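Remarks on the structure that follows.
The values are calculated or read from the model by the stated rules, or taken from the named source; none is laboratory data. It should be emphasised that the depicted structure is a prediction, and the values quoted were computed from it without experimental measurement. Quick reminder, even Gly has a Cβ in these numbers, built from the backbone with ideal geometry, and neighbours come from all protein chains shown.
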Amino acid sequence: MNPNVQPDTAHVKRVVIVGGGTSGWMCAAAIARMAPAGLSVTLVESEEIGVIGVGEASIPTLIKFNDFLGLNENDVLRYCRGTFKLGIEFVDWLGAGERYFHPFGLFGRDTPEFAFHQLWLRLKAMSANGTAPPDAAGGIHDYNLCSAAAAQGRFSPPNGGSDTILSTMRHAYHFDASLYGQLLRGYAEQRNVSRVEGKVVDVMRDPELGMIRSVSLGDGRVLAGDLFIDCSGFRSLLIGDALGSDFVDWSHYLPCDRALALPTERTGLPTPFTRATADRAGWRWRIPLQQRNGNGYVFASDFIDWDEAHRQLLDGAEGASLAEPMPLRFRTGHRRAFWEKNCIAIGLAGGFIEPLESTSIHLAQVGIQRLINLWPGCGINAAEVTHYNRAMCADYERIRDFIVLHYHAAQRKDSEFWRYVSNMAIPDTLAGRLDMFRAHGRIIPDPEDLFSEHSWLAVMLGQGIHPRNYDTLVDRIPADTLIHHMRLLKNAVAKTASTLLIHQEYIDRHCAV
């Protein structure tokens, strides 16, 4: 027998998921999709507790999850009243009236030798020294089809071969998260996942090995299992309360710890992008769905109280309110161990990074995918648990750095909150990335990064971080050749964007409710 395998968890046959919502039913659906014969999957959730289900924005990785389940994109958006998302528009982060766009699509075309943006930086430098026309380079977003389409309110999924402009498109969704959870519940129940209504009130553990043996419900029922998945949200009933996994708190980097969510009537056509507007003590979101808008205010309670945040949210929201704002409390950070004993935390139970770049569902998704890749069907292996925890911690740290970038680089200093985040100490890993970019515009991609060099480029330039120099190896390209090809690319992006369907028209044709 392998000494690293716990003998009492050999041959996992019973899986108990504690908590529903988006994370719980994503987990149930994914396990049901790959479940070996004889595996029993039970999900327990309480209508009394409810779930965090406001209008959600996602990132392109969710497409892979839906494809894994075999779900049709248009069917999902029709059921969830969703729209398409090409990126995020950031408003007022550099000051009143300033805005920039973080697109999901690619900037220009990288070559085997050079990143595209190095060519653009050189052309900008040529314009500055008079060796190229003043407008030769244009803005970096002139070379991004997602940016150009979003500016015109147009949309298309990627299309054509890898050498076409349309192939550079990337998209995600805006959708009702509660409806998405219901969709996945139906998927899972059709594949023999059992749902139990009830509230977990106690957790029973093996007195010797500490493994979870069962959970007790408020009505006295007991659910036994071999593997437990904690999808209990911020309550973290299993991994936190029962197993005592410490919480790694990142509030000093990301001080926002509260949010108010507000649905409003839709005004005008839905934009194919999320909007994030900086405010006095945080930022406000606007997420356009097919039949309403989702709005919210993410803020730091050390710098503003609930009442003032409530007023600012109502003042900035578009359309008449459809309900009272829903308050949310959170801490940014993660459990030190996502997998402890025979319990894995998925979603909010394992950690949370504020929703500025819509990463919450992705982090649940990647936790589920790693669990499936390391499925402990014949026993829990210590080396695999260690690998899982290291990989998840690294995912959170890389995303943390990207979110901290937005705050730390913001140039507004008009409130105590913004003065704090612009002057705070930042992680060494982020500081190193910024130093490299400021020197020669270099962005060294990590193969495990969620956000590509194109995303880092968009946010760093958008937040006013500009390189002092470019990679001079691009000087070997003849100036006339560079000017000519950049002009052709810029024109091709503009022309292609103008031919795309208006976002609403695309929805009407393919996925309208």
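Right, S147: surrounded by 21 or more Cβ atoms within 10 Å (Cβ to Cβ) and among the hydroxyl-bearing types (S, T, Y) or not? Yes, satisfied. Among the residues making up segment 351-372, those that are among the β-branched types (V, I, T) and under 24 Å from D241 (Cα atoms) are I353, I361, V366, I368.
Is it true that some residue in segment 278-297 is among the small types (G, A, S), in contact with a Lys or Arg (Cβ under 7 Å, 6 or more places away or on another chain) and part of a loop (DSSP other than H, G, I, E, B)? Looking for residues that are among the small types (G, A, S), in contact with a Lys or Arg (Cβ under 7 Å, 6 or more places away or on another chain) and part of a loop (DSSP other than H, G, I, E, B), one finds none in segment 278-297, hence no. Scanning segment 356-390 for residues that are among the small types (G, A, S), at pLDDT 95 or above, more than 15 Å from the chain's Cα centre (by Cα) and crowded, with 17+ Cβ neighbours inside 10 Å yields nothing.
Whether a residue is hydrophobic (A, V, I, L, M, F, W, C), touching a helix residue (DSSP H, G or I) at 6+ places or on another chain (Cβ under 7 Å) and loosely packed, with under 13 Cβ neighbours inside 10 Å was assessed, and V459 does not pass this test.
Counted as qualifying within segment 322-420 are the strands (runs of 3 or more DSSP E) with 1 or more residues that are farther than 19 Å from W285 by Cβ, namely 333-335, 343-345.
Answer yes or no as to whether L123 is crowded, with 20+ Cβ neighbours inside 10 Å, of a type outside the set (G, A, S), assigned by TED's automatic domain parsing to the domain that holds G441 and more than 12 Å from I483 (Cα to Cα). It is false that L123 is crowded, with 20+ Cβ neighbours inside 10 Å, of a type outside the set (G, A, S), assigned by TED's automatic domain parsing to the domain that holds G441 and more than 12 Å from I483 (Cα to Cα).
Only strands (runs of 3 or more DSSP E) whose full extent lies in segment 1-79 are considered here, and the ones with at least 1 residues that are of a type in the set (D, E) and modelled with pLDDT of 90 or more are 40-45.
L123 meets all of the listed conditions (1) in a loop (DSSP other than H, G, I, E, B); (2) touching a residue at least 24 places away in the same chain (Cβ under 8 Å) but one, namely (1). Residue count for segment 230-267, restricted to those that are in a strand (DSSP E or B) and farther than 14 Å from R335 by Cα: 8.
Here G220 clears all of (1) under 26 Å from the mean Cα position of the chain (by Cα); (2) free of Cβ contacts under 8 Å to residues at least 24 places away in the same chain except the condition numbered (1). Which ones in segment 92-109 are assigned to a strand (DSSP E or B) and either in contact with a Lys or Arg (Cβ under 7 Å, 6 or more places away or on another chain) or hydrophobic (A, V, I, L, M, F, W, C) (or both)? Those that are assigned to a strand (DSSP E or B) and either in contact with a Lys or Arg (Cβ under 7 Å, 6 or more places away or on another chain) or hydrophobic (A, V, I, L, M, F, W, C) (or both): F101, F107. All of (1) in contact (Cβ under 8 Å) with a residue 12 or more places away in the chain; (2) in the same structural domain as G138 (by TED's automatic domain parsing); (3) surrounded by 13 or more Cβ atoms within 10 Å (Cβ to Cβ) hold for R468 with one exception: (3).
Selection of segment 117-131 for residues being of a type outside the set (S, T, N, Q) and touching a helix residue (DSSP H, G or I) at 6+ places or on another chain (Cβ under 7 Å) yields H117, L119, W120, R122, L123, M126. Looking at the structure I just gave you, is E89 over 28 Å from L500 (Cα atoms) and out of contact with any helix residue (DSSP H, G or I) (no Cβ under 7 Å at 6 or more places or on another chain)? Criteria not met by E89.
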